[in-house]
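These notes concern the structure reproduced below.
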Amino acid sequence: MLILIAGLVAAVSLILLPRFLGRRQERMLGQYDVLEKRFGLTRRVSQSRWGKGIGERFSLHGESRGYPLSLYSHFVQRGKLRQEWTSLVFEALFTEDLEFCIEFEGTDGEARFDAFDGLGFSWQVDEVRVSASEDLGRVCNDASVAKRFKYLSQQKRCGAIRLSKGFLEYREVGQMEEEAQRLRFQEAILLLASLCDALSLYMSDRRVLVAQ
């Protein structure tokens, strides 16, 4: 009898799970569609042998102000616990060895990045907290960057930013299923582009000082 009940539960799960995942996927793709059109991005899909909604991975790719970017969801499975994130990543290889983490008043605990060793410079301006491998006050105080910081610092919920090994990432908890989250990522695209511009100028000046 127990075997029969277990079999029925498994059969019902196989029927309902794809529908549930499919609805989540549709909500996410609806938000992706807006970003595709607004920023001229391209959608890519990694096919799955299990069918729609199970194992398929969607991502967006393109550029902003000439910086290559990608946006995708990913997860880590720890036993029975599954932690999901959505990440926006800019390629900024010109930053070389620079590293920093940026958090806001509303940054979710699960969105925070592990602290780097050797981030000896830390400061806070209003609701923005920065830890960096060197004094990057000039970058964070750039007019365009400060303007973009203001939006995320006023959000009740948002993600965190990390620069590591030439990649600049904004990460939030969960899949992008709601308009509010998509709006934050729209602002994050503009913020990371502004950060890249400011970092590019900073690195140029740093190379000049080193060469002297």
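The values are calculated or read from the model by the stated rules, or taken from the named source; none is laboratory data. These numbers were taken from a predicted model, which means no experiment stands behind them. Ideal geometry is used to build each Cβ from the backbone, glycine not excepted, and the neighbour counts take in all protein chains shown. These area figures cover heavy atoms from the full protein model, side chains too; ligands, DNA and RNA do not enter into them. Shrake-Rupley method; radii C 1.70, N 1.55, O 1.52, S 1.80 Å.
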Inset, instruction - Could you provide, to the nearest whole Å², the per residue accessible area of the range 86-202 with probe 1.4 Å? - result: 44
Legend entry - Surface share of carbon and sulfur [accessible, 1.4 angstrom probe, percent] for the range 66-152: 48
Inset, instruction - Along Cα→Cβ, 7 Å out, is where each label goes; now give me the distance between the ones at A115 and R78 in nm to one decimal. - result: 1.7
Legend entry - Rg/Rh (Cα only; Kirkwood hydrodynamic radius) as it applies to the range 137-177: 1.01
Legend entry - Residue-wise HN-Hα coupling along the range 197-212, computed from phi with Karplus coefficients 6.51, -1.76, 1.60 (Hz; x: Gly, Pro): 4, 5, 5, 4, 5, 4, 5, 4, 5, 5, 5, 5, 5, 5, 6, 6
Inset, instruction - Compute the convex hull volume of the Cα atoms of the range 80-212, divide it by the residue count, and report the result per residue in Å³ as a whole number. - result: 110
Inset, instruction - Can you tell me the relative contact order of the range 137-195? Whole percent, Cα pairs under 8 Å, sequence separation 6 or more. - result: 40
Legend entry - Candidate aspartates and glutamates - alpha carbon under 17 Å from K147, same-chain residues fewer than 8 apart omitted: E103, E105, D126, E127, E187, D197
